[in-house]
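> This is the structure, below, for whatever I ask next.
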Ligand code: UD1
Ligand code: CA
């Protein structure tokens, strides 16, 4: 059976008061349409169709190959939006799933439930409803006294009595395709001058065909984002959902409400996350780590049994048993090998620190390859930038860099070499050699 999804994303999103099209506003690091697309793809057999309009080109650029985009111009309502897909899809699918791209919390499992219910429904449509105390401006579900769904009435045209109904239209539907394409042409113009998709319910009832409701018990899924207040609600709900999944998978969150894990992050068992920790993008954290409080990790790989306190990491790799912070900063291309200790107020960029190397206090290491078991004294700086280009520093294994050493790159420090406190190293230092002063000169062999 062929199942195709249509995502509606053409609306102006006026209530967002933004230059950015509504569906491109991020929720937990990804545009909200990304979630809707992912769920739609998982629940259908064909490439989804996205109906675009306002800010359409930006949406099309973002969507890329993940869907086929069609333009709705002008935007005359959700029913009119689906109608735009008719010429592309008529005869191409048996079932049509329709959702709104402004519902980032909608899960693929729920869409699949709609599809399964519609496969068994002799009538032409199945729709998702939710029972909620706060109506949020949603359409109300009208039922007969014996519980049959009769119609959806939009808030703007509801009577005071209808406004009290607490069963709401979530905005996810599965239609039998043949019936849908004809019904769309029969939708009446609303008093607001739009063609509402929700009026297909009344059309089915008038055709004496069964409308199948599925009542969802997940209120979060129904969060449709119309304003930035809703955007914050959706973001909060998404973080809560992700946090819960990690806790159930064996991660300790000291305070889930102040821990911000983006979808797509992986975390190993028995890792503990302290409050105000943000794990973003394509980040992977190993088992048994202790992260935070106050730590931001973006697009980074963290090994096992690491301790990271009050630090910021971006595009970095941290191997097992690294201990860092507070106030450590790893920038793009930083790679700390197993057992590195990096203390407070250090920055590492485009550099490898070898296994067991220690960098305790106030250092900047950029464009450097540092061997194993090196001691980097307080205040050591790689002077890697000469105003034109970035130059490389190499430090051999077992070297001892004295406090406040300036390593003027390009420069190489030999294995087991030492620099005295305050040295300004402008020339390569051979293995096993101690250099001191400004500019640094050899004093004697360290092994003598
Ligand atoms: C809609 C439903 C309402 C439901 C609510 C759930 C209708 C008429 N009403 O109301 O019953 O409770 O969602 O969140 O369907 N869009 C287009 N083209 C248009 C108009 C809208 O593509 O011409 C898109 C929008 O970009 C949006 C979606 O359809 O993604 C829903 O439109 P919106 O204006 O947000 O509808 P609601 O007022 O939220
Ligand atoms: Ca909406």
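The values are calculated or read from the model by the stated rules, or taken from the named source; none is laboratory data. Predicted, not measured: the structure shown is a model, and the values here were computed from it. All Cβ positions, even for glycine, are placed from backbone atoms using ideal geometry, and neighbour counts span all protein chains on display.
> Name the residue that is farthest from ligand 2 (Cβ to nearest atom), counting only residues in segment 108-137 that are in a loop (DSSP other than H, G, I, E, B), more than 26 Å from the chain's Cα centre (by Cα) and surrounded by fewer than 23 Cβ atoms within 10 Å (Cβ to Cβ).
That would be 122.
> Against the definition (in the same structural domain as residue 118 (by TED's automatic domain parsing) and assigned to a helix (DSSP H, G or I)), how does residue 215 come out, yes or no?
When the stated conditions are applied, residue 215 does not pass them.
> What are the residues in segment 7-54 that are buried (at least 24 other Cβ atoms within 10 Å of the Cβ), in a strand (DSSP E or B) and within 15 Å of ligand 2 (Cβ to nearest atom), if any?
Once the filter is applied, which keeps residues that are buried (at least 24 other Cβ atoms within 10 Å of the Cβ), in a strand (DSSP E or B) and within 15 Å of ligand 2 (Cβ to nearest atom), segment 7-54 yields 7, 8, 9, 27, 51.
> Also, quick follow-up: Given the conditions (1) in a loop (DSSP other than H, G, I, E, B); (2) more than 19 Å from residue 214 (Cα to Cα); (3) away from ligand 2 (no atom under 15 Å from the Cβ), which single one is not true for residue 147?
Result: residue 147 fails condition (2) only.
> Does residue 372 satisfy the criteria of being within 16 Å of residue 336 (Cα to Cα), out of contact with any strand residue (DSSP E or B) (no Cβ under 7 Å at 6 or more places or on another chain) and either buried (at least 17 other Cβ atoms within 10 Å of the Cβ) or not assigned by TED's automatic domain parsing to the domain that holds residue 316 (or both)?
yes
> Quick check, is residue 256 away from ligand 2 (no atom under 16 Å from the Cβ), outside the structural domain of residue 28 (by TED's automatic domain parsing) and within 29 Å of residue 11 (Cα to Cα)?
The answer is no for residue 256.
> Considering only segment 55-107, state which residues are assigned to a helix (DSSP H, G or I), within 11 Å of ligand 1 (Cβ to nearest atom) and modelled with pLDDT of 95 or more.
59, 78, 79, 80, 81, 82, 83
> Given the structure, is residue 184 in contact (Cβ under 8 Å) with a residue 40 or more places away in the chain, out of contact with any strand residue (DSSP E or B) (no Cβ under 6 Å at 6 or more places or on another chain) and farther than 24 Å from residue 130 by Cα?
yes
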